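The values are calculated or read from the model by the stated rules, or taken from the named source; none is laboratory data. Values in this document were obtained by computation on a predicted structure and should not be read as measured data. Cβ sites come from the backbone with ideal geometry, for glycine too, and all protein chains shown count toward neighbours. Surface areas here come from the heavy atoms of the whole protein model, side chains and all, with no ligands, DNA or RNA. Shrake-Rupley method; radii C 1.70, N 1.55, O 1.52, S 1.80 Å.
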Amino acid sequence: MESLENKFTQELIEKSEKAKKDCKYNPTRFLQMIANNGGVKTAKLLIAKDQISDGFVTLQMCNRLDLSMEAVVVDKKYADLFTDDEVNTCFMRLCECGFYK
């Protein structure tokens, strides 16, 4: 059986592929971070930063925040991987950009 952490990582990679196709955005650095650290550790590192990533801004301009790491983190099926504070940080970033209307 595939672990929850592996499912999370796979979903990040799939969303990155979709961003490449739909938005002409290639998140090379993000994918390198995932390859080096795994999806969960990469997400935690990016959540801990005080500013949103360039990739998040690019996806926002493409109206595809559904492909963002933040949108995957707030998915209830991954709740066991992140603290409430981490999920809330992602939720607030998405709210501030009008993702939830």
### Query
So how do Glu2, Glu96 rank on accessible area, 1.4 Å probe, biggest first, that is with the largest at the start?
Glu96, Glu2
### Query
So, with +1 on the Cβ of K and R and -1 on the Cβ of D and E, and no other charges, what is the size of the charge dipole of the chain about its Cα centre, to the nearest 20 debye?
380
### Message
Quick check: net charge around Ser53, other residues with Cβ under 10 Å of its Cβ, Lys/Arg +1 and Asp/Glu -1?
### Response
+1
### Task
Leaving ligands, DNA and RNA out of it, report the carbon-plus-sulfur percent of the accessible area of segment 45-101 at a 1.4 Å probe.
50
### Task
Would you kindly derive the ³J(HN,Hα) couplings of segment 21-30 from the backbone phi angles with the Karplus curve 6.51 cos²θ - 1.76 cosθ + 1.60 (θ = phi - 60°), listing them in order in whole Hz, with x for Gly and Pro?
6, 7, 10, 6, 10, 10, x, 4, 5, 4
### Query
Tell me, in nm to one decimal, what length is gained between Asn6 and Lys49 on full extension, where the rule is 0.36 nm per residue of separation less the Cα-Cα distance?
13.2 nm
#### Entry: Rounded accessible area per residue of the chain, 1.4 Å, Å²
63
### Message
From the mean inverse distance of alpha carbon pairs (Kirkwood) and the Cα radius of gyration, derive Rg over Rh for segment 1-67.
### Response
0.96
### Summary
For Lys49, counting only aspartates and glutamates whose alpha-carbon sits under 19 Å away and dropping same-chain residues fewer than eight positions off, the answer is Glu70, Asp84, Asp85, Glu86, Glu96
### Message
Tell me whether segment 55-94 comes out rounded, prolate or oblate; compute the Cα gyration tensor, take square roots of the eigenvalues as a ≥ b ≥ c, and use a/c under 1.5 as the rounded threshold.
### Response
prolate
### Message
I need the phi-derived Karplus couplings for segment 52-60: 6.51 cos²θ - 1.76 cosθ + 1.60, θ = phi - 60°, integer Hz, Gly and Pro marked x.
### Response
6, 7, 4, x, 4, 4, 4, 5, 5
### Task
Counting other Cβ atoms within 10 Å, keep those with at most 13, restrict to DSSP loop, and tell me which trypsin sites (Lys or Arg not before Pro) in segment 18-50 are left.
Lys24, Lys49
